[in-house]
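Written below as structure tokens is the structure these notes are about.
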Amino acid sequence: MTAIGILNIVVFLLVLLALTKPLGVFMTKLFQGERTFLHPVIRPIEKLTYRLCGIREDTEQRWTQYAASLIAFSLASFLFAYIIQRLQGILPFNPNHFSTAHAPSGATPMTPDLAFNTAVSFVTNTNWQNYFGETTLSYFVQMAALTVQNFVSAAAGVAVSVALIRGFARRQANSIGNFWVDLTRATLYVFLPLSLLGALFLCSQGAIQNFKANTTVKTVEGASQIIPQGPVASQESIKMVGTNGGGFFNANSAHPFENPTPLTNFVQMLMIFVIPAGLTYQFGRMVADRRQGWALFAAMSVLFLAGVFVCYPAEQAGNPQLTKLGLETKATSVQPGGNMEGKEVRFGIPASSLFATVTTDASCGAINGWHDSYTPIGGLVPLFNMQLGEVVFGGVGAGIKGMLLFAILAVFIAGLMVGRTPEYIGKKIEQKEVKMAMLALILMAANVLVFSGISSVANFKKNGYWNPPGPAAANINNDGPHGFTEILYAYTSTNANNGSAFAGLNGNTPWYNLTLGLATLIGRFFFIIPMLAVAGALAAKKKVPVTSGTLPTHGALFVGLLIGTVVIVGALTYFPALSLGPIVEHFLMREGKLFSSLFSLPIWS
Amino acid sequence: MATAVAPPPVVNDGTELLPKKLVRARPLFDPPILKRAIRESFVKLNPVTLMSNPVMFVVEVGAALTSVFVTRDAITGEHPIGFTLQITLWLWFTVLFANFAEAMAEARGKAQADTLRKAKTETMAKRLLNSGGKVEELAASRLRAGDIVLCEAGDNIPGDGEVIEGIATVDESVITGESAPVIRESGGDRSAVTGGTKVLSDWIKIRITSNPGETFLDRMIALVEGAERQKTPNEIALNILIAGLTLIFLLAVVTLDPFALYAVRSAGAGEVPSVAVLVSLLVCLIPTTIGGLLSAIGIAGMDRVMQHNVLAMSGKAVEASGDVNTLLLDKTGTITLGNRQAVEFIPVDGIEPAELADAAQLSSLADETPEGRSIVVLAKAQFNLRGREVHDLDAHFIPFSAYTRMSGVDLDGRQLRKGATEAIVRFVREQGGSVPHNFMDVSDRISRSGGTPLAVADGGRLLGTIHLKDVVKGGMKERLGQLRNMGIRSVMITGDNPLTAAAIAAEAGVDDFLAQATPEQKLQYIKREQTEGRLVAMTGDGTNDAPALAQADVGVAMNTGTMAAKEAGNMVDLDSNPTKLIEVVAIGKQLLITRGALTTFSIANDVAKYFAIIPAMFMATYPALGYLNIMHLHTPQSAVLSAVIFNALIIIALVPLALRGVKYRPQAAEIMLRRNLLIYGIGGIIAPFPGIWLIDQIVHWLHLA
């Protein structure tokens, strides 16, 4: 590790810390219906939205109504996204003529299963991409379907978090807010302004924003190269702030038009974390005990640092086999050393490791390097981050929900050890909460493990409909444990609604499109709905007054307990799978066994 | 003042809330109990009953599965069965050990019940016909509520009831375990009698209040036997948690099969782990420790309450007592000794204090009441007046009577009297003496401060007043301080006026008090606490306490109390010692801590088991995973076997802890959590490493695998 690399990480966390409170205060006011400094500008638009949509601002919903609204909204969004993808050939803003008779050679056809996968992926804030944007989608689809979903799926995530926080904050209440109002406010007051600022900043650094067709240029060597174009900066900005992660281009944030400079790279990472971090503060404010919010922030920070400082040294150490061959793998003033395979030279090892950790801590899934090319341990970190449930700051909304789920479990198990039935933030944790938390945990584990299990051994007819390459394991790029990790990573990422790809897995076949889509849906709704049920149950409870007999949930002890619960539950669930993937690969690498690429994927356009 | 039976002194060194000597304590491994438990362990293998314990049910299914494979292999002779057979046996042991833990807890309850059942021998009752006084003999089992029976010396009381006439001493040791007889009489708060107890002297007429099979003794037997045991809310929630974890591990192990298949195919070496190995991994991972001990902890908690001579009507009540935020404590008998003590001699003008003290002492020499003795003590302490030998004085003592409301001594022609102010004033006037006009002021002042004035006269000469005062029990302040550390507020309930109440409250260190409390005010106070989210515990004995007892989350009725009170509360203290409330809270907490500690321990244990089994499973496929074999276990088989053996033995090893409960000290939550997390969390992660290593050494040494 280099001093500048470590400094990069530390400064990142400090800047995040500085942003947490202001944003948290703003969001608290916003979602409690108080006036904010943006009200003079946005309030009229908000009111107009309510009038147009027939939303009654002052009505509140029970958790069941709240959940039903969310599902209805997601279903409508899904249908809209699916239909316009299928119809992109006859819709405007399609200068590259995708899905028409004039489609360029090499363009990917928009099949029903790919459209399903993509629609599900964007409606659930996952942005798993089984397509290459620049060779598949029209600008109209990119903007009207994908970018819109980037906003509203993120806003829906924030809405649900706010509802859950209300569950802790309210007492003997039967409602947890109004989904439509929360959704509107999150979109208008939080995501629009932040992404507008972000887009302008990215443009200033060199990100592109236009409606031109892809241009063909002659390179210095005389070869011809296609340079993709499009309204990139606007989608890029919300992709980060909304922790969506779906790149305009396949290369995602590694592409110079999406993420041109080390500065944009730094800001992009902040954009991922800023809202989730703000939500921890909002939690503390709304439950009237700020220390509770900071405790969550602290637990997340520790897990974040642990992740980075496993990933970064592993990447910097690089492959011992290369060192044995006499290659210089130490960082020097003229070269970065370590494992630079699949990393952008303008970011280097620390900023790439940091990005990989951040994007999987949160449910973002944007990438600025190829996770598949990381060392086994370096790649284990993003994978394990997602398996923990993306509770480290997490995606917009998803992180705090997951962390609160673990807080409920931690309090339930260890809270008994202070001689009281468990309580958290003054709320008794009883059957219903435990049942719902366990339900979510079980379904998440089942989702990842069962689909990965089937795909590791399932057999399909070669050149058949379901999986043309043949067996499901034939779609992977590498043999051995590394190939297994590619499958495990895909279902882990979709279940966690992350959307980052380990890559190396060709997912655009009906089998993977459907199962990854299903994993995404299960990961989204079978997590959110139980958590809304928890919110409903908690809101209805009395608040137990705090005494010296109460388990303190704001000190270092609790932070440690929470971290322990997260790590142990995650490790116990996934250790067998991980031991057959990155862990054994790591040991094999040390013994000199590597797993080369089986065939070459058209990764770069 | 019904101070009834003096409570046995509480052994307390100031750091423990739980006294060490218990009336019904029983050695942990009593041979008859042990025998019964071992038998029951096998009966409990019945899958239908085991189904209610999802964790152990999964283990049993796993054991059955491996049994099938062992049998198959034994018949076909294709594979050596030594390893699978050992795994199978240990899996069955795991189930048996868990059954044994539960059976032990139950057997202890059953043993208690057997003792009680002896009291239920068929007795004959003397039923009174009409009011004519004719007596009819019939079997106690034929009595119905409303019947009136006569019980004379030597008779067993045939059923629960209310004394309507007479007074008698009753031996209630069957119920209370306390051999000293108690007095039962009609009217007031000492009128309740319990079926199965025995009249020792005199006679009483009883109106029977319960039908056969529904008596207090019947309920008590059912409760200690665990026949009516229902899972408590927290226990159900914990069951959901461990069942959920079991499902997660089931998923992790079942999907390991295809993962392993992929690995074997791609590495081209080794084979997919056998069913026995997969089942072993599953059993080691699922929380068998807490799954096997959970119900034992609950039953043992109830039993522990019983050992403290408190009968809890439900496990829920015991659990709730751990959660209590507010304790309502009756002043008399709980906070104060209940007996007033002399603290000051206040002579009337013109009388020397010493003379007053002398007269007071003389009049109290034969007075064996605590008040009387305290006067003698005070006289000696203040004026160095020695207690004189009563017989040497040729004195004639006049005992206290409710009619005269005074007592005293006739000595050398002097008539020394002490008693209620009005009574003495009347006596002085009758003797021709006069009463100073400001005399009543003194006694009024004492009354107002919460004390009791006792006037003293020598014939017609009024000497002065003795100030009797409530005395706070020794150590009470410390105990209430401990409660405060645990986050529990203590509230003193008293009929005294607010001034007096405040004085005693300050002295005892309670957090709040309710003065001149009526039963309605008590009820209101409880309701108000509850709306603020607090759980309230209280004790009570009178019929007018019943609504408050029913409203409180934990209502401990005194056994000497009325039937109405006993039915309203959810616990009955057979010693009728109101201070017991504090112990009940401690037991409730201990129960919850034990549960949490063993759950944490159980889950923390899994880490080591992975390190034992995962490398063993894939030794042939991926020898590189041998790096994870940090315990350096000898062979893959011995590694798996050692983990399974450790997993089974830990259940047995923790049975005593589950039955006794973890050590409990009254401490603030944070300190307690840190300590328990260190022992059961961190300890739980570390302990299996040396444990499994040691078993592996033995397994290797014995050439078992």
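Is it true that A:Gly453 is assigned to a helix (DSSP H, G or I) and under 24 Å from the mean Cα position of the chain (by Cα)? Yes, satisfied. Can you find a residue that is among the polar types (S, T, N, Q), assigned to a helix (DSSP H, G or I) and under 24 Å from B:Leu28 (Cβ atoms) anywhere in region B:111-127? Checked against the condition, which is being among the polar types (S, T, N, Q), assigned to a helix (DSSP H, G or I) and under 24 Å from B:Leu28 (Cβ atoms), region B:111-127 yields at least one hit.
Scanning region A:1-39 for residues that are small (Gly, Ala, Ser) and closer than 30 Å to A:Gly348 by Cα gives A:Ala3, A:Gly5, A:Ala18.
In the condition set (1) assigned to a helix (DSSP H, G or I); (2) facing chain B (nearest Cβ under 7 Å); (3) open to solvent by 20 Å² or more (accessible area, probe 1.4 Å), A:Leu572 is compliant with all but (3).
Limited to region A:56-88, what total is found for residues that are in a loop (DSSP other than H, G, I, E, B) and surrounded by 18 or more Cβ atoms within 10 Å (Cβ to Cβ)? The total comes to 1. The residues listed here are A:Leu551, A:Leu588, A:Leu562, A:Leu580; of these, the one that is within 14 Å of another protein chain (Cβ to nearest Cβ), touching a residue at least 24 places away in the same chain (Cβ under 8 Å), aliphatic (A, V, I, L, M) and not in a helix (DSSP H, G or I) is A:Leu551.
Of the helices (runs of 4 or more DSSP H) contained entirely in region A:278-391, those carrying at least 1 residues that are open to solvent by 10 Å² or more (accessible area, probe 1.4 Å) and within 19 Å of A:Gly504 (Cα to Cα) fall at A:376-387. Restricting attention to region B:78-101, the residues that are closer than 15 Å to B:Leu649 by Cβ, open to solvent by 10 Å² or more (accessible area, probe 1.4 Å) and more than 30 Å from the chain's Cα centre (by Cα) add up to 5.
Scanning region A:183-203 turns up no residue that is more than 22 Å from A:Glu46 (Cα to Cα) and part of a loop (DSSP other than H, G, I, E, B).
Filtering region B:550-581 to residues that are part of a helix (DSSP H, G or I) and surrounded by 24 or more Cβ atoms within 10 Å (Cβ to Cβ) leaves B:Ala565, B:Lys566, B:Lys580, B:Leu581.
Output the number of residues of region B:321-340 satisfying the condition of being open to solvent by less than 20 Å² (accessible area, probe 1.4 Å) and either within 14 Å of chain A (Cβ to nearest Cβ) or at negative phi (or both). Summing the residues that are open to solvent by less than 20 Å² (accessible area, probe 1.4 Å) and either within 14 Å of chain A (Cβ to nearest Cβ) or at negative phi (or both) in region B:321-340 gives 13. Against the list (1) farther than 30 Å from B:Met51 by Cβ; (2) in contact with a Ser or Thr (Cβ under 9 Å, 6 or more places away or on another chain), the condition B:Ile248 fails is (1). With respect to (1) more than 25 Å from B:Leu251 (Cα to Cα); (2) hydroxyl-bearing (Ser, Thr, Tyr); (3) open to solvent by less than 40 Å² (accessible area, probe 1.4 Å), the lone exception for A:Thr485 is condition (1). Only residues that are among the small types (Gly, Ala, Ser) and open to solvent by 10 Å² or more (accessible area, probe 1.4 Å) were counted across region B:638-660, and they come to 1.
Name the single residue, out of those in region A:532-548 being open to solvent by less than 20 Å² (accessible area, probe 1.4 Å) and among the β-branched types (Val, Ile, Thr), that is nearest to the other protein chains (Cβ to nearest Cβ). Checking each candidate, the answer is A:Val544. Of the residues making up region A:418-435, those that are free of Cβ contacts under 8 Å to residues at least 60 places away in the same chain, facing chain B (nearest Cβ under 7 Å) and crowded, with 24+ Cβ neighbours inside 10 Å are A:Thr421, A:Val434.
Remark: pairs (first residue in region B:227-249, facing another protein chain (nearest Cβ under 7 Å); second residue open to solvent by less than 50 Å² (accessible area, probe 1.4 Å) and hydroxyl-bearing (Ser, Thr, Tyr); Cβ separation under 6 Å; 6+ apart in sequence or on different chains) = B:Asn234/A:Thr421; B:Ile248/A:Thr573. Per the listing A:Gly395, A:Gly402, A:Gly415, the residue uniquely buried (at least 24 other Cβ atoms within 10 Å of the Cβ), more than 8 Å from chain B (Cβ to nearest Cβ) and outside any loop (DSSP other than H, G, I, E, B) is A:Gly402. Need at least 2 residues that are in contact (Cβ under 8 Å) with a residue 40 or more places away in the chain and within 16 Å of B:Pro287 (Cα to Cα) per element, so show me which helices (runs of 4 or more DSSP H) inside region B:594-705 make the cut, counting only ones lying wholly within it. Passing ranges, in order: B:636-660, B:683-686. The set of residues in region A:221-250 being in contact (Cβ under 8 Å) with a residue 12 or more places away in the chain, open to solvent by 10 Å² or more (accessible area, probe 1.4 Å) and either closer than 22 Å to A:Ala156 by Cβ or part of a loop (DSSP other than H, G, I, E, B) (or both) consists of A:Pro228, A:Gln229, A:Ser234, A:Asn250. Can you say whether B:Ile164 is without any contact (Cβ under 8 Å) to a residue 60 or more places away in the chain and touching a Lys or Arg at 6+ places or on another chain (Cβ under 8 Å), as far as the supplied structure shows? Criteria met by B:Ile164.
With respect to the stated conditions, B:Ala604 is small (Gly, Ala, Ser) and facing another protein chain (nearest Cβ under 8 Å). Flag: B:Ala269 does not match the condition of being at pLDDT below 95 and either part of a helix (DSSP H, G or I) or open to solvent by less than 20 Å² (accessible area, probe 1.4 Å) (or both). Answer with yes or no whether B:Ala222 is surrounded by fewer than 22 Cβ atoms within 10 Å (Cβ to Cβ), facing chain A (nearest Cβ under 10 Å) and not acidic (Asp, Glu). So B:Ala222 fails the test. Flag set for B:Ala537, criterion: at pLDDT 90 or above and within 14 Å of chain A (Cβ to nearest Cβ). Restricting attention to region B:620-637, the residues that are surrounded by fewer than 24 Cβ atoms within 10 Å (Cβ to Cβ) and either in contact with a strand residue (DSSP E or B) (Cβ under 6 Å, 6 or more places away or on another chain) or away from chain A (no Cβ under 14 Å) (or both) total 6. Here B:Ala342 qualifies as in contact with a Leu (Cβ under 6 Å, 6 or more places away or on another chain) and of a type outside the set (Phe, Trp, Tyr).
The values are calculated or read from the model by the stated rules, or taken from the named source; none is laboratory data. Being a predicted model, the structure only gives us computed values, none of them experimental. Ideal geometry is used to build each Cβ from the backbone, glycine not excepted, and the neighbour counts take in all protein chains shown. Please note that ligands, DNA and RNA were not included when accessible areas were found on the heavy atoms of the full protein model with its side chains. Shrake-Rupley method; radii C 1.70, N 1.55, O 1.52, S 1.80 Å.
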